[in-house]
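Visitor: Below are the structure tokens for one structure; questions will follow.
The values are calculated or read from the model by the stated rules, or taken from the named source; none is laboratory data. Note that this is a predicted model, so its numbers are computed, not measured. A quick note on method: Cβ atoms are made from the backbone with ideal geometry, for glycine too, and the neighbour counts reach across all protein chains shown. Quick note on the areas: whole protein, heavy atoms, side chains included, nothing else; ligands and nucleic acids left out. Shrake-Rupley method; radii C 1.70, N 1.55, O 1.52, S 1.80 Å.
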Amino acid sequence: MKTIIIAVALLIGYSFAYEDFVQYEKGYYYVVIKKGSFKVINAKLQEEITNHGWDVIHTMNVDKTVKSKTPYKTHLLCKAKYLKKGVEYFKPIGVIIPCKMAIYVEGNKVVIMVEDVMELGKIYAPNDKKFEAFLNQVKNEMIDILNKTAARFMSSKYTPYE
């Protein structure tokens, strides 16, 4: 019995540990980075997107569009192998792609956020377990991109001190 309790405790700790920096609110995941310039953080974000096998197919310059001096970009992301799978699971996937990741300055912090694709699944394909599992995989990669970008600028409470 003791072994089972320890195993469960380790699994629970592990499953939440990778979400160290990520927060959730109103249908999106986000990180707040307090150190680093927008330009450098945005460059590292794009590196992480690429490292995860995603392509930035377009960047919307929200700041220029609304004539703001505060930096704000939205990156439109696609991963070809996921798109192929997505079309197989849910033909009208075109209405919910591409994935979107926004980055902007708020005060002296940089916020990076991504939509919760699981919420889109509930709207467009409720009770489709295959599509739900597929979207969960996408969601986990998006969260990992957020975490790995944030980890380049912040210390993790899970990072051991040397």
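Visitor: Residues to consider are Ala151, Ala102, Ala133; find the one that is open to solvent by 60 Å² or more (accessible area, probe 1.4 Å), of a type in the set (Gly, Ala, Ser) and within 20 Å of the chain's Cα centre (by Cα). Outline the logic, then answer.
Guide: Numbers: Ala151 fails: open to solvent by 60 Å² or more (accessible area, probe 1.4 Å); Ala102 fails: open to solvent by 60 Å² or more (accessible area, probe 1.4 Å).
One residue alone meets the criteria, Ala133.
Visitor: While we're here: Across the range 47-76, what is the total count of residues that are aliphatic (A, V, I, L, M), in contact (Cβ under 8 Å) with a residue 40 or more places away in the chain and open to solvent by less than 90 Å² (accessible area, probe 1.4 Å)?
Guide: So the first thing to find is which residues in the range 47-76 are aliphatic (A, V, I, L, M), and the list is 49, 56-57, 60, 62, 66, 76.
Pick out the ones that are also in contact (Cβ under 8 Å) with a residue 40 or more places away in the chain and you get 49, 57, 62.
Now restrict to residues that are open to solvent by less than 90 Å² (accessible area, probe 1.4 Å): 49, 62.
Selection size over the range 47-76: 2.
Visitor: Taking the range 90-99 on its own, how many of its residues are in contact (Cβ under 8 Å) with a residue 12 or more places away in the chain and surrounded by fewer than 17 Cβ atoms within 10 Å (Cβ to Cβ)?
Guide: Here the count works out to 2.
Visitor: Any residue at all in the range 89-102 that is in contact with a strand residue (DSSP E or B) (Cβ under 8 Å, 6 or more places away or on another chain) and over 18 Å from Glu141 (Cα atoms)? I'd like the intermediate steps shown before the answer.
Guide: Keep residues of the range 89-102 that are in contact with a strand residue (DSSP E or B) (Cβ under 8 Å, 6 or more places away or on another chain), which gives 97-102.
Retained after the next criterion (residues that are over 18 Å from Glu141 (Cα atoms)): none.
No, the conditions are met nowhere in the range 89-102.
Visitor: Let me ask something else. Would you call Lys157 assigned to a loop (DSSP other than H, G, I, E, B), open to solvent by 70 Å² or more (accessible area, probe 1.4 Å) and at pLDDT below 90? Write out each step before concluding.
Guide: Numbers: assigned to a loop (DSSP other than H, G, I, E, B): yes; open to solvent by 70 Å² or more (accessible area, probe 1.4 Å): yes; at pLDDT below 90: yes.
The answer is yes for Lys157.
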